[in-house]
Amino acid sequence: MMDIVIASREHAALVAQISRQSFDEAFSPTNDQDDMADYMDTAFTEGQIAEELEDVQNTFLLCSTKEGACGISKLRRGVPAPEKIGNATSIELQRLYVIEKAHGKGVGRALLEKSMEIARKEGVAYIWLGVWEHNPKAIRFYQNMGFEFCGSHDFVLGRDVQTDLEMYRRL
C-alpha cells in the first residue's frame, strides 16, 4: 500500500531527509564527495526545504509505504520552460527522488502520475524536467513514461558544472 500526500511545512524535516538520502544514494558513487556535500548542505537543509514548501509556486508530494516515507516529488511553477514548449502552459517536475530500498516498487511511477494529475487539474499543457545525462536508469524511466528530449541546461553540483537533459511530455 502506498500513500501520497501534499507535503506541508510540518513535513520539512522528513522531505529534507528523503531528499538528502536519495540524492546521496543516486549520485555519490559517481561524483566528488566535496561537491556532493556542498550541494546537499545548501539544497537539502530543513530550513531550505521549509522555505520551498511555503512558496506557493511549489507543490511537494510525499510518498509513504508500510515501511515508512520513501519518496518525494516537487512541482515548480513560474519558471521558464524549454524552448520546444514555447508559450504553452507548463510546469517543471524539479525533483523526483526515491530512496534506494524503495526502487522497483512503483514509488517513482506513483509520484510522477500524481504530479501529472495535479498539473492536468491546473490546466497545464506540458510537464518538463531535467535529468542528469549520466543517469541512464532515470532517462529510461522518463522515456517509458512518455517523455521526449527537448534540450539541455547546466546543473551546478558544488564546483562541478554538469549537463541535465531536458525532457517534456504533453499532458
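Descriptive notes on the structure:
- Residues satisfying the stated conditions in region 15-58, i.e. in contact (Cβ under 8 Å) with a residue 24 or more places away in the chain, within 22 Å of GLY108 (Cα to Cα) and over 17 Å from the mean Cα position of the chain (by Cα): THR30
Residue-by-condition table, conditions (1) modelled with pLDDT of 95 or more; (2) part of a helix (DSSP H, G or I); (3) under 24 Å from TYR39 (Cα atoms):
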| position | (1), (2), (3) |
| --- | --- |
| GLU113 | yes, yes, no |
| ALA119 | yes, yes, no |
| GLY123 | yes, no, no |
| VAL131 | yes, no, yes |
| VAL161 | yes, no, yes |
| LEU165 | yes, no, yes |
| ARG169 | yes, no, no |
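- Considering residues of region 59-82 that are in a strand (DSSP E or B), without any contact (Cβ under 8 Å) to a residue 24 or more places away in the chain and closer than 19 Å to HIS153 by Cβ only, the residue least open to solvent (accessible area, probe 1.4 Å): LYS74
- Qualifying residue in region 33-41 (condition: of a type in the set (Ser, Thr, Tyr) and closer than 21 Å to LEU171 by Cβ): no
- Residues (assigned to a strand (DSSP E or B) and touching a residue at least 12 places away in the same chain (Cβ under 8 Å)) located in region 138-155: GLU148, PHE149, CYS150, GLY151, SER152, HIS153, PHE155
- When the criteria are applied in full, SER73 meets the requirement of being of a type in the set (Ser, Thr, Tyr), out of contact with any Pro (no Cβ under 6 Å at 6 or more places or on another chain) and closer than 18 Å to GLU25 by Cβ.
- Residue ranges of helices (runs of 4 or more DSSP H) in region 1-57 with at least 3 members touching a strand residue (DSSP E or B) at 6+ places or on another chain (Cβ under 8 Å) and closer than 26 Å to LYS137 by Cα: 12-27, 33-43
- Test: residue in region 14-27 that is more than 25 Å from SER115 (Cα to Cα), buried (at least 18 other Cβ atoms within 10 Å of the Cβ) and at pLDDT 95 or above: no
- Residue match in region 89-99 (condition: without any contact (Cβ under 8 Å) to a residue 40 or more places away in the chain, surrounded by fewer than 19 Cβ atoms within 10 Å (Cβ to Cβ) and assigned to a loop (DSSP other than H, G, I, E, B)): yes
The values are calculated or read from the model by the stated rules, or taken from the named source; none is laboratory data. The structure presented is a predicted model; accordingly, all values stated were derived computationally and were not measured. Here the Cβ is made from the backbone with ideal geometry for all residues, glycine too, and neighbour counts use every protein chain on show. SASA here: full protein model, heavy atoms, side chains in, ligands and nucleic acids out. Shrake-Rupley method; radii C 1.70, N 1.55, O 1.52, S 1.80 Å.
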